[in-house]
1. Ignoring ligands, DNA and RNA, please state the percent of accessible area on the stretch 83-210 from carbon and sulfur, probe 1.4 Å.
2. To the nearest 20 debye, what charge dipole does the stretch 1-108 have about its Cα centre, counting +1 at the Cβ of each Lys and Arg and -1 at the Cβ of each Asp and Glu?
3. Stick to the Cα atoms of the stretch 40-159, pair each with every other, and give me the Kirkwood hydrodynamic radius in Å at one decimal.
4. State in Å² the accessible area per residue of the chain; use a 1.4 Å probe, count heavy atoms of protein chains only, and round to the nearest integer.
5. What value, in deg cm²/dmol to 500, does the helix sum -39500 (n - 2.57) over DSSP H runs of n ≥ 4 give at 222 nm once divided by the residues of the chain?
6. Kyte-Doolittle cut-off -1.0, length cut-off 24 Å along the helix's own axis using Cα: show which whole DSSP H helices in the chain pass.
7. Tell me the carbon and sulfur percent of the accessible area for the stretch 21-64, rounded to whole percent, probe radius 1.4 Å.
8. Please give me, ordered by residue number, the GluC sites (Glu not before Pro) of the stretch 94-165 that lie in loop per DSSP and have at most 11 other Cβ atoms within 10 Å.
Amino acid sequence: MQRTPVVVLVSGGGTNLQALIEAASDPACGFRIVGVGADRHGIEGLRRAEGAGIPTFVVAVGDHPDREAWDVALTEAVAGFEPELVVSAGFMKILGEHFLARFSGRVVNTHPALLPSFPGAHGVRDALAHGVRVTGCTAHLVDGGVDTGPIIDQRAVLVREDDTEDTLHERIKVEEREMLVDLVEAMSAHGWRVDGRVVRVGAGSPGGRA
Ligand code: GRF
């Protein structure tokens, strides 16, 4: 079986990455993580990858003259692994034009709210402040906007009276990890197709888009 090569991008703790690493450790899994990239050094996500023997790389904005140069450098670093799928799992940077031109249609992002509600860096805080009773997580294909791309999957999480941003985010992340593993596995095994804004997993060629 040809396993779909996946690059994962992280900026922090990397528990979503860890869930993907654990899934991929099963030889029957349809994908393998060929590289893990970050926009900063010294994060737990990189340590998790190193612990699993996965090559890592860091492309930091501050190491480049401007955002465009960073975009080009990140694109080249990821392209070196020849991934079929790129997963942004808690990567806290907006991917640039150059990156999306290269990997358009095969970059998956996970967001801790039910999009299109509460996009941006504070999805959990914003949902809580708005007083919603149900929130959750969304996996979507990345386009040029902030959390605006076609939705692949969502999971709902009930908000509790005594929730703080942290307690709610932790419960969302339980769902998020499971959602992400399931969809990366399904996209790898069965492919996907995009009809307008609708993503149909299982309707492409295995390991890739229709
Ligand atoms: C996730 O909730 C992700 O959606 C958000 O940041 C969190 C990352 O968690 N953008 P982790 O680093 O995978 O633990």
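The values are calculated or read from the model by the stated rules, or taken from the named source; none is laboratory data. Note that the coordinates shown come from a computational prediction; the quantities given were computed from them, not determined experimentally. Virtual Cβ from ideal backbone geometry, glycine too; neighbours counted across all protein chains shown. These accessible areas exclude ligands, DNA and RNA; they are computed on the full protein's heavy atoms, side chains included. Shrake-Rupley method; radii C 1.70, N 1.55, O 1.52, S 1.80 Å.
1. Details: 3100 of 5980 Å².
Its accessible area is 52 percent carbon and sulfur atoms.
2. Values: 9 positive and 13 negative charges, 49 e Å.
So the magnitude is around 240 debye.
3. Values: mean 1/r = 0.0638 Å⁻¹.
Computed over Cα pairs of the stretch 40-159, the Kirkwood hydrodynamic radius comes out at 15.7 Å.
4. Details: 9680 Å² over 210 residues.
Accessible area per residue, the chain: 46 Å².
5. Values: 6 runs with 72 residues, N = 210.
The helix-only estimate for the chain comes to -10500 deg cm²/dmol at 222 nm.
6. On the way: long enough: 165-190 (36 Å, -0.50).
Span-like helices in the chain: 165-190.
7. Ligands and nucleic acids excluded, carbon and sulfur reach 48 percent.
8. Values: sites: Glu97, Glu161, Glu165; in loops: Glu161.
Passing sites in the stretch 94-165 are Glu161.
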